[in-house]
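*Asks:* This is the structure I want to talk about, given as structure tokens.
The values are calculated or read from the model by the stated rules, or taken from the named source; none is laboratory data. This structure is a prediction, so every number in the text was calculated from the model and none was measured. Positions of Cβ are backbone-derived with ideal geometry, glycine not excepted, and every protein chain shown enters the neighbour counts. Keep in mind that these areas ignore ligands, DNA and RNA; they rest on the heavy atoms of the full protein, side chains included. Shrake-Rupley method; radii C 1.70, N 1.55, O 1.52, S 1.80 Å.
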Amino acid sequence: MTKLIVDGIEVDVPAEFTLLQACEQAGKEIPRFCYHERLSIAGNCRMCLVEVKGGPPKPTASCAMSVRDLRPGPNGEPPVVLTNSPMVKKAREGVMEFILINHPLDCPICDQGGECDLQDQAMAYGVDSSRFAENKHAVTDKYIGPLVKTSMNRCIHCTRCVRFTAEIAGTSDMGAIGRGEDMEITTYLQTAMTSELSGNIADICPVGALLPKPQNFRARPWELNKTPGVDVMDAVGSNIRIDTRGREVMRILPRVNDAVNEEWISDKTRQVVDGLKRQRLDRPYVRENGKLRPASWTEAFAAIAARAKTVAPEKIGALAGDLVSVEEMFALKQLVEALGSRNMDCRQDGAKLHPQFGRASWLFNTTIAGIEQADALLIVGSNPRREAPVLNARIRKRWRAGNFAIGLIGEKADLTYDYAYFGAGPESIAEFVSKTPKDIARPMILVGQGALTRPDGAVVLAALAKAAHDIGAIKDGWNGFNVLHTAAARVGGLDIGFTPGEGGHCATAMSNGGVDLLFNLGADEIDVAPGAYVVYIGTHGDRGAHRADVILPGAAYPEMSGLYVNTEGRVQRSDRAAFPPGDAREGWAIFRALSDALGRKLPFDSLGELRAALVAAHPHFGHVDEIAPADAGSIKDLAALGGAFDKAPFGHVVSDFYLTNPIARASAVMAECSAVAAGGYKQAAE
């Protein structure tokens, strides 16, 4: 630790701290435009100037000088840094005046108004007039894709967007052309950005040069109500903020959580907003004479009850989809069990994961933040860039730090980092084990759903568990066996045992005629064969609704309070930000009302009572934002199962990143992104 004095306040900070970080440690605010905590230091804007006593007789850029570079006083006194001296004040005013020379000063019509760093800092550190009367420099707006709108006259060349795409996203989409006053920020030949994280550049842009295109001119920040939530577009569980106006969700932004998503979210998470109000189910429907007709809740429940009376308990089943909350699955599980059935499944893709293998067999045991502690990584049957872009950025972050070998078994892909390719199928696992040094301290294996949804998925899972033991990935203080899920509801479903009981049917068997009455809770990625009477509880007119005999409209994730468990086993709570449309209701409330109609009344009348029952049955749900530890010993038992492989190569479970669920498929913005990606990101500017 190094001592220094900041405006008369003595602080102890690590020697590798920058002066800017040291000043903030002392409680001093340092203005900045180009500096960002998660990006490399550029030193472009010079707004963070401070005065260093005993240093050069000029202001110092605090973001670019380390504490270890300071010299002590003549008698060994700690270095002195001033953040509000007359020199600093005059320098900051000069820098701000320089930055505003060519800025259009169009704050009243700029959609960044109210959330603009330049606006705030011009008020706090600038002067009240300008000495420049010359014409301002004009720059042509650029096309960089369907998600980000450009207004490049406002650009101050902080290069945050350039550094983000090069360092975090790993695509190097953005760059600078020209020199001096002709410098412009753009993509290569003005093509669309190729990153699944591109929308984050609008968040980190300190001015109004980069704005979210779909939300442009739709609302001002002070009009919006802000509610914390959890993303369900993948299984990472990114922390988000849902902004609403009235009953409408207007935008989704990231919340900072260093243990999960840092401060990034994927483009699908951010811009799926319009899909929340398109093709929505807002009233019950009942199929009569082959056609669905609108019905009341009483009529829908009566139709279900009439059919249930004619069906044997062993012919009743339930499926849970990828976006549903734990409370909804728990209520449906209780209802199906009350009806005397053991046919239920949350694995609509057929993944060979089961509670009998132990909780450690389906968790990302290293944890997402733990990736940064790993020394080596093997990816099997997964494309993290498509399945979990934020987690992929964390892998890239560790790779950029150095001494991190990455291997891949499965389909080749551009993962934004280098890797060694071991082969396409399960026979390559043994080759990997034989070539892996035994002295790696913290190796990890990432098992994707492409390896688990195959007919031999259980055999592959056991083989990878054995490989984890063979390479030393499981030891005291380190569990490097990790399963990467693609469904936000999957871990929660496995945790509560939403899987077939003894003698029960799995999702594949139920969808192929194994049951006569099927409760489909938002499972839109599976085809149900003709014959079964299907009750669909969901939000959109997608595949599940098309097959349904009765439709009960549910609430989407921003429209209810719910618990979700991410791929690492972290329990997170999402609060209700809006209300569902029309007659739609929250899933747990639907099942409570339906249980009355079926003569199997469920033992709760409120969400609080339901959660109390959930916590009583599964105590770890009572510890929000915590990860309940899983017994690594179960992985050793799993490794002993053995079995014969199928020789087919591993595939990817996500073919189109933008259209993976009913909300995304209802979104016009996601459809445009999918079309641009299919066209090679070369769509011409509008």
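*Asks:* Residue 2's amide H: which non-local residues (gap 5+, or another chain) put their own amide H closer than 5 Å, with H modeled 1.01 Å from N in plane and none for Pro or chain starts?
*Replies:* Here 13, 15 satisfy the definition.
*Asks:* Using a 1.4 Å probe on the protein heavy atoms, what percent of the accessible area of segment 589-647 belongs to carbon and sulfur?
*Replies:* Whole-percent figure for carbon plus sulfur exposure: 55.
*Asks:* Could you order the peptides 203-214, 413-424 from most to least packed, using the average number of other C-beta atoms within 10 Å per residue? Could you put the intermediate results ahead of the total?
*Replies:* Numbers: 203-214: 22.4, 413-424: 15.5.
Going by the mean number of other Cβ atoms within 10 Å, highest first, we get 203-214, 413-424.
*Asks:* So for segment 139-271, Kirkwood radius off the Cα pairs, Stokes-Einstein at 10 °C and 1.306 mPa s: how many µm² s⁻¹?
*Replies:* So the translational diffusion coefficient is about 102 µm²/s.
*Asks:* If contacts are Cα pairs under 8 angstrom and at least 6 residues apart, what is the relative contact order of segment 283-412 in percent?
*Replies:* 16
*Asks:* If one takes the longest principal axis of the Cα atoms in the chain, at what angle in degrees, from 0 to 90 and to the nearest 10, does the Cα axis of helix 607-617 lie?
*Replies:* In the chain, helix 607-617 runs at an angle near 80 degrees to the longest axis.
*Asks:* Quickly rank 366-376, 621-631, 388-398 as a protection proxy: mean count of other C-beta atoms within 10 Å, highest first.
*Replies:* Ranked by mean Cβ neighbours within 10 Å, highest first: 388-398, 366-376, 621-631.
*Asks:* Which far-off residues, 5 or more places away or on another chain, put their amide H under 5 Å from the one on residue 364, with H placed in the peptide plane?
*Replies:* 483, 568, 569
*Asks:* Can you give me the angle between helix 668-678 and the longest principal axis of the chain, using Cα atoms only, in degrees from 0 to 90, rounded to the nearest 10?
*Replies:* Compared with the principal axis, the helix lies near 80 degrees.
*Asks:* If one takes the longest principal axis of the Cα atoms in the chain, at what angle in degrees, from 0 to 90 and to the nearest 10, does the Cα axis of helix 587-597 lie?
*Replies:* For 587-597 against the chain, the angle is about 20 degrees.
*Asks:* I want the local charge near residue 358. Using Cβ-Cβ distances under 13 Å, sum +1 for each Lys or Arg and -1 for each Asp or Glu among the other residues.
*Replies:* Working: positive: 359, 636; negative: 495, 631, 637.
Here the charged neighbours net out to -1.
*Asks:* Less than 14 Å Cβ to Cβ from residue 680, Lys/Arg counted +1 and Asp/Glu -1: what total charge do the surrounding residues give?
*Replies:* Net local charge, residue 680 excluded: -1.
*Asks:* Using modelled backbone amide H atoms (1.01 Å from N, in-plane), which distant-in-sequence or interchain residues come within less than 5 Å of residue 344's amide H?
*Replies:* Counting only residues 5 or more places away or on other chains, the set is 318, 501, 505.
*Asks:* Still on this structure, please answer the following. Over segment 146-279, what is the relative contact order in whole percent, taking alpha-carbon pairs under 8 Å and six or more residues apart? List each step's numbers first, then the result.
*Replies:* On the way: 217 pairs, mean separation 29.3, N = 134.
The value is 22 percent.
*Asks:* Now for a different question. Could you state the accessible area per residue of the chain in Å², with a 1.4 Å probe and every protein chain left in place?
*Replies:* With the other protein chains kept in place, the chain gives 40 Å² per residue.
*Asks:* How big is the C-alpha Rg of the chain next to the rule-of-thumb value 2.2 N^0.38 Å, as a ratio?
*Replies:* In units of the globular-protein estimate, the chain measures up at 1.05.
*Asks:* Step through the table entries 90/213; 268/412; 28/53; 136/213; 89/142, compare each Cα-Cα distance with 27 Å, and write down the pairs that go over it.
*Replies:* From the list (90/213; 268/412; 28/53; 136/213; 89/142), the Cα-Cα distance tops 27 Å for 90/213; 89/142.
*Asks:* Relative contact order, percent, of segment 385-481 when contacts are C-alpha pairs under 8 Å separated by at least 6 residues?
*Replies:* 21
*Asks:* How many percent of DSSP beta bridges within the chain run antiparallel, rounded to 5?
*Replies:* Rounded to the nearest five, the antiparallel share is 55 percent.
*Asks:* With r as the distance between the Cβ atoms of residue 136 and residue 655 and R0 = 45 Å, compute the FRET efficiency 1/(1 + (r/R0)^6) and round to 0.05.
*Replies:* The value I calculate is 0.45.
*Asks:* Given the rule -39500 (n - 2.57) for each run of at least 4 DSSP H residues, summed and divided by the residues of the chain, what is its mean residue ellipticity at 222 nm, to the nearest 500 deg cm²/dmol?
*Replies:* Numbers: 19 runs with 162 residues, N = 686.
Dividing the helical sum by the residues of the chain leaves -6500 deg cm²/dmol.
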